[in-house]
Amino acid sequence: MHEALFTPITLGAIEAKNRIFMAPLTRGRASMPGFVPNEMMATYYRQRAGAGLIISEATGISVEGLGWPSAPGIWSDEQVEGWKQVTEAVHEDGGKIVLQMWHMGRIVHPVFLGGEQPVSASATTAPGQAHTPEGKKDYMEARELSVQDIARVVEDYRHAAQNAKKAGFDGVQLHGANGYLVDQFLRDSTNLRTDEYGGPPDNRVRFLREVLEALISVWGADRVAVRLSPNGDTQGCDDSDPAATFGAAAKVCEDLGLAFLELREPGPDGTFGSTDVPKQSPLIRSIFSGPLVLNSDYDAASGEANVASGKCDAIAYGRPFISNPDLPERIRVGAEFAPNVNVPESWYLPGPAGYIDYPVMAGEQEAAE
C-alpha cells in the first residue's frame, strides 16, 4: 500500500528512506531566556525520525529575525549545543533532519527588539496581532532595509548556516514563505522598493538569490532547499501576479541547482488558511527540474496519488505529525491518523503535554518492548 510514498528518494546529497517528510512546525518549546533547544525537543524529533526527512521548526537566524515566544534560534553557541542533542537523537534513530532558517521581518514585534522597529523590504505594517511574552499586541510599522542592511542580513544567514553545520544538521532550508522576510521581498504588496531589490519580479527575487548563494557557500547547493508559498495571501503578504513572481523564484532555484523545493499550497477548502488563487506548482514544476515537495492538507491517499502521478516527488505532512509520531508506519499499514487533542491550544503550550506524550500504535509499542 502507498508504494510511491515509500520509494526512497535522493535530494541532492541527502538520501531519504521514504517520501513522507515532516513539515516545519513551530511548537514553542525552546528554553528561555536564550531561545535554546533542549532535551524535550530532542525527544520530540527522535519520536518522528521515521520521516524520510524532517524539516525542523522555523529557527531564528538572529535576534532581529525572531519574534515568537520560546521558538529556537541558531545564532549563539548555546543554541548550537542545544541543537546537537536534536540532530544526534534523530540520527541515532535512522532519520535525517535539515534546519529551516527563519527571519520574520515585519512580523517581529518591538517587544522582542528592545523597543526597536522590525525590518522589512519596505516600510509596511502587517495586519493583525503578534504573539508576545506580554500577550497579543498590534504589529508595528517596519523600517525599510537599506542596501547595506540587506548585506548585513545576508551575512546573518551565512553565519546561521555555519552554526547549523556545527550542530550536525544534514542541510538547511530557507524559509521563503508565509509572509516572512524573504516573502516580503518577493511579493509586490509588501515590496514597494524602486531600487535593484524592487519593481519587476527579476528584481524582487534578488534578495532570495543572495541569501541562497550565502547558504550554498557554506553547505553546497546539494544540501540547500527553500520553502515558498506561491498562492494567496499570507499574513497580509500577497502578489498581483503570482505566476510571474514565483516563476522567477523557481528560475532562481533551478539556476542554483537546489537540493529540493517545497511549496505550501492551500486550496479553497484549506483547513489552515484557504484561497481561491490557483496553485502554482504546475508552472513551478515546468521550471524547476529538481525534487518538488508539496504541503497543505494532504492525507495518505492524496499524497500517494500526487507522488505516483509525478505531480511532485514527496509530501511534507505538518499537523498530522503532531499527534502521530509514527505517521509513516500508520500510512504504511493503512491505520487511521490519531486526532490532535486540544487543538490549537496544545500546539504552543510549554511542557510535554500535547508535545511528546502522543502514543504510537499498539503493535509498535509491543515490538519496542
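Taking Cα pairs under 8 Å and at least six residues apart, what relative contact order does the range 4-368 come out at, in percent?
Values: 817 pairs, mean separation 60.1, N = 365.
Relative contact order for the range 4-368 comes out at 16 percent.
Which entries of K84/K137; K166/K311; K136/K166; K84/K279; K17/K311 have Cα-Cα distances beyond 28 Å here?
Violating the 28 Å Cα-Cα cut-off are K84/K137; K166/K311; K136/K166; K84/K279.
For the ranges 122-131, 100-109, what's the packing order if you count other beta-carbon atoms within 10 Å of each residue, average per peptide, and put the highest first?
Values: 122-131: 16.6, 100-109: 28.0.
Output ranking for 122-131, 100-109: 100-109, 122-131.
Nearest 20 debye, what's the magnitude of the dipole of the range 220-366 about its Cα centre given +1 on Lys and Arg Cβ and -1 on Asp and Glu Cβ? Provide the component values of the computation, followed by the final result.
Values: 10 positive and 22 negative charges, 65 e Å.
So the dipole magnitude of the range 220-366 works out to roughly 320 debye.
As an exercise, use a Förster radius of 45 Å and the Cβ-Cβ distance of K136 and S286 to find the FRET efficiency, rounded to the nearest 0.05.
Details: r = 42 Å, r/R0 = 0.93.
So the FRET efficiency works out to roughly 0.60.
Indicate the gyration tensor shape class of the range 1-64 (rounded, prolate or oblate), computed on the Cα atoms with a ≥ b ≥ c the square roots of the eigenvalues: a/c under 1.5 is rounded; otherwise a/b larger than b/c is prolate and the rest oblate.
prolate
Any chance you could run the full-extension gain for E92 through D241? It's 0.36 nm times the residue separation minus the Cα-Cα distance, nm to one decimal.
Numbers: separation 149, 0.36 × 149 = 53.64 nm, distance 4.52 nm.
The E92-D241 span can extend by a further 49.1 nm.
Would you mind classifying the range 167-240 by shape? Square roots of the alpha carbon gyration tensor eigenvalues, ordered a ≥ b ≥ c; an a/c under 1.5 is rounded, otherwise it is prolate if a/b is larger than b/c and oblate if not. The partial results should precede the final answer.
Values: a/c = 2.99, a/b = 1.65, b/c = 1.82.
Note, shape of the range 167-240 comes out oblate.
When each pair of different Cα atoms in the range 57-201 is counted once in the 1/r mean, what is the Kirkwood radius in angstroms, to one decimal? Numbers along the way, then the final one.
On the way: mean 1/r = 0.0630 Å⁻¹.
When all Cα pairs of the range 57-201 are included, the Kirkwood radius is 15.9 Å.
Length gain on complete extension for the stretch E254 to D195, per 0.36 nm per residue less the alpha carbon to alpha carbon distance? Present the calculation step by step, with values, prior to reporting the outcome.
On the way: separation 59, 0.36 × 59 = 21.24 nm, distance 2.46 nm.
Residue separation times 0.36 nm, minus the Cα-Cα distance, leaves 18.8 nm.
Would you mind checking the range 167-195 for residues with the amide N under 20 Å from a putative spin-label position 7 Å along Cα→C-beta of D77?
Residues passing the 20 Å test: 167-169.
Dipole size in debye (nearest 20) for the chain around its Cα centre, Lys and Arg Cβ +1, Asp and Glu Cβ -1?
260 debye
Please compute, for the alpha-carbon atoms of the range 25-111, the extent along each of the three principal axes and give them in descending order in Å.
40, 22, 18
Relative contact order of the range 34-144: what whole-number percent is it, with Cα pairs under 8 angstrom and at least 6 residues apart? Each step should come with its number before you reach the end.
Working: 227 pairs, mean separation 31.0, N = 111.
Relative contact order, the range 34-144: 28 percent.
With a/c under 1.5 counting as rounded, go ahead and sort the range 239-317 into rounded, prolate or oblate using the C-alpha gyration tensor (a ≥ b ≥ c being the square roots of the eigenvalues; past the cut-off, prolate if a/b is larger than b/c, else oblate).
Working: a/c = 2.18, a/b = 1.18, b/c = 1.84.
Oblate is the answer for the range 239-317, as a/c is 1.5 or above yet b/c matches or exceeds a/b.
Connecting C-alpha atoms closer than 10 Å in a GNM of the chain, tell me which of P72, P24, P352 has the biggest fluctuation.
P352
If I take all pairs of Cα atoms in the range 4-368, what percentage of them are more than 26 Å from each other?
Working: 30992 of 66430 pairs.
Counting pairs separated by more than 26 Å, the tail of P(r) holds 47 percent.
Against the longest alpha carbon principal axis of the chain, how many degrees, from 0 to 90 and to the nearest 10, is the axis of helix 77-92 turned?
30 degrees
Assuming R0 = 41 Å, can you tell me the calculated FRET efficiency for the pair E15 and S146, based on Cβ-Cβ distance, to the nearest 0.05? Can you show the working numbers first?
On the way: r = 42 Å, r/R0 = 1.02.
The calculated FRET efficiency here is 0.45.
Compute the separation of the alpha-carbon centres of the range 152-217 and the range 298-321 and state it in Å as a whole number.
27 Å
Against the longest alpha carbon principal axis of the chain, how many degrees, from 0 to 90 and to the nearest 10, is the axis of helix 242-256 turned?
Its long axis makes an angle of about 70 degrees.
Compute the helix-to-body angle for 147-166: its Cα long axis versus the longest principal axis of the chain, expressed 0 to 90° and rounded to tens.
Tilt of helix 147-166: around 20 degrees.
Where a number appears in this text, it was derived from the coordinates with a stated rule and is not lab data. Note that the structure is predicted; figures quoted are calculated from it, not measured. Note that we place each Cβ from the backbone using ideal geometry, even for glycine, and neighbour counts take in every protein chain shown.
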